[in-house]
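Shown next, in structure tokens, is the structure this report addresses.
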Amino acid sequence: MFSSLSDSLDKTFRNLRGVGKISEKNITDALREIRLALLEADVEFTVAKTFIAHVKEKAMGADVLKSIKPGEQIVKIFHDELAELLGGDQVPLNLDSPGRILLCGLNGAGKTTTAGKLANRLKREGRKPLLIACDLYRPAAIDQLATVAGQVGVPVYTPDASESDVVKVAKEALAWADSQDGDVVIFDTAGRQEIDERLVEELKQLHAFLKPQETLLVADAATGQGAVSVARHFDEAVGIDGIILTKLDGDARGGAALSMRAVTGKPIKYAGEGEKLDQLFEFHPDRMADRILG
Ligand code: GDP
């Protein structure tokens with residue numbers, strides 16, 4: 001991911017560093033190139049525009065142009081603004097004990113895999129997670145969660161495949177959770193190919209019943225601006241607390257990661273970077289900015 005954006009930035013900044021005395025025109029030209037590179041990376045138009053305006057305002061500051069190494073200063077300004085765009089500080093989970101996490105998202109985004117990855121992470125951090133299957137539409141999804149739970153060694157609640165009332169299942173699952181030695185319950189919910197009324201209604205009911213401390217949207221980075229619009233819809237429907245962006249190991253152009261925070265106002269809390277169950281990482285905006293700048 002980001003490889004084409006990183007290449008473009010590298011080229012632009014190398015040119016800028018190579019100029020003896022930087023003029024305002026050099027900066028304007030460089031920022032025009034960067035704006036195009038961001039748009040090519042599928043960053044939302046207004047996000048790219050506002051971002052470039054911020055960088056420009058700081059880069060045009062008299063101190064920068066008069067400094068000994070203006071090129072370096074501009075790269076630093078760009079880096080810091082990029083980290084800010086990606087969310088500023090890393091935002092940890094905010095869980096009570098016992099805690100409740102509700103995972104939502106479209107089919108194929110990586111929800112069930114991420115449920116397993118998150119349970120695995122929390123377990124390593126010394127918590128006692130429990131997994132609960134709440135996807136009543138795809139029996140295969142229930143089996144998949146059971147498999148994943150087995151792989152990470154976490155107890156799992158699987159409802160009867162004939163069950164259709166998701167709130168009833170959640171109630172029974174919580175009673176089961178009370179009988180277990182757990183301190184954080186992770187609910188894997190049903191997805192769809194796209195957001196429809198039924199999905200939203202069911203999720204609203206589940207959310208109102210569970211009152212989770214963390215409602216996290218699992219979104220596929222490979223779907224670019226699609227992922228951002230999905231996040232906006234889920235946020236309007238139930239109010240999400242954060243995002244887990246999956247498939248950052250793929251060759252997505254990076255637009256989803258770069259636009260998500262600015263468009264939704266919600267932090268990316270974790271990034272999935274592979275199919276294995278230990279490939280879920282905290283999302284650190286400054287480290288991501290380092291990675292993009294190479
Ligand atoms: P769900 O329908 O949202 O529950 O999605 P799944 O958990 O079944 O995942 C769909 C596919 O994406 C599976 O093949 C996963 O192995 C794969 N997947 C999930 N997360 C990642 C990731 O971070 N990187 C990669 N490369 N594949 C992932």
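The values are calculated or read from the model by the stated rules, or taken from the named source; none is laboratory data. Source: prediction; values computed, not measured. Virtual Cβ from ideal backbone geometry, glycine too; neighbours counted across all protein chains shown. In case anyone asks, the SASA skips ligands and DNA or RNA and just uses the protein heavy atoms, side chains included. Shrake-Rupley method; radii C 1.70, N 1.55, O 1.52, S 1.80 Å.
Within segment 199-213, is even one residue of a type outside the set (A, V, I, L, M) and within 15 Å of the ligand (Cβ to nearest atom)?
no
Which of the residues belonging to segment 174-185 are outside any strand (DSSP E or B) and touching a strand residue (DSSP E or B) at 6+ places or on another chain (Cβ under 8 Å)?
Leu174, Trp176, Ala177, Gln180, Gly182, Asp183
Being among the hydrophobic types (A, V, I, L, M, F, W, C), in contact with an Asp or Glu (Cβ under 7 Å, 6 or more places away or on another chain) and away from the ligand (no atom under 16 Å from the Cβ) is the filter here, so list the residues in segment 83-129 that pass it.
Selection gives Ala83, Leu93, Leu95.
Mind listing whichever residues of segment 28-61 are within 18 Å of Ala257 (Cβ to Cβ) and small (Gly, Ala, Ser)?
Across segment 28-61, the qualifying residues are Ala37, Ala41, Ala48.
For Leu248, state whether it is under 27 Å from Tyr137 (Cα atoms), within 15 Å of the ligand (Cβ to nearest atom) and at pLDDT below 95.
Answer is no for this residue.
Of Arg100, Arg121, which residue is in contact with a helix residue (DSSP H, G or I) (Cβ under 8 Å, 6 or more places away or on another chain) and touching a residue at least 60 places away in the same chain (Cβ under 8 Å)?
Arg100
Just need a number here: residues in segment 55-75 that are over 14 Å from Asp29 (Cα atoms) and surrounded by 15 or more Cβ atoms within 10 Å (Cβ to Cβ).
Count: 6.
Mind checking which residues of segment 156-203 are within 25 Å of Asp220 (Cα to Cα) and charged (D, E, K, R)?
Across segment 156-203, the qualifying residues are Asp188, Arg192, Glu194, Asp196, Glu197, Arg198, Glu201, Glu202.
Given the criteria more than 16 Å from the ligand (Cβ to nearest atom), open to solvent by 10 Å² or more (accessible area, probe 1.4 Å) and hydroxyl-bearing (Ser, Thr, Tyr), does Thr50 qualify?
Criteria met by Thr50.
Restricting to segment 105-145, and then to whatever is touching a Pro at 6+ places or on another chain (Cβ under 8 Å) and part of a helix (DSSP H, G or I), can you tell me which residue is most open to solvent (accessible area, probe 1.4 Å)?
Restricting to residues being touching a Pro at 6+ places or on another chain (Cβ under 8 Å) and part of a helix (DSSP H, G or I), the top hit is Lys123.
Working carefully through the options Asp183, Asp286, Asp196, Asp290, find the one that is over 17 Å from the mean Cα position of the chain (by Cα) and either within 15 Å of Leu86 (Cβ to Cβ) or aromatic (Phe, Trp, Tyr) (or both).
Just a single option satisfies the conditions, and that option is Asp290.
When the residues of segment 146-185 are narrowed to those that are under 15 Å from Thr113 (Cα atoms) and without any contact (Cβ under 8 Å) to a residue 60 or more places away in the chain, which ends up most open to solvent (accessible area, probe 1.4 Å)?
Thr147
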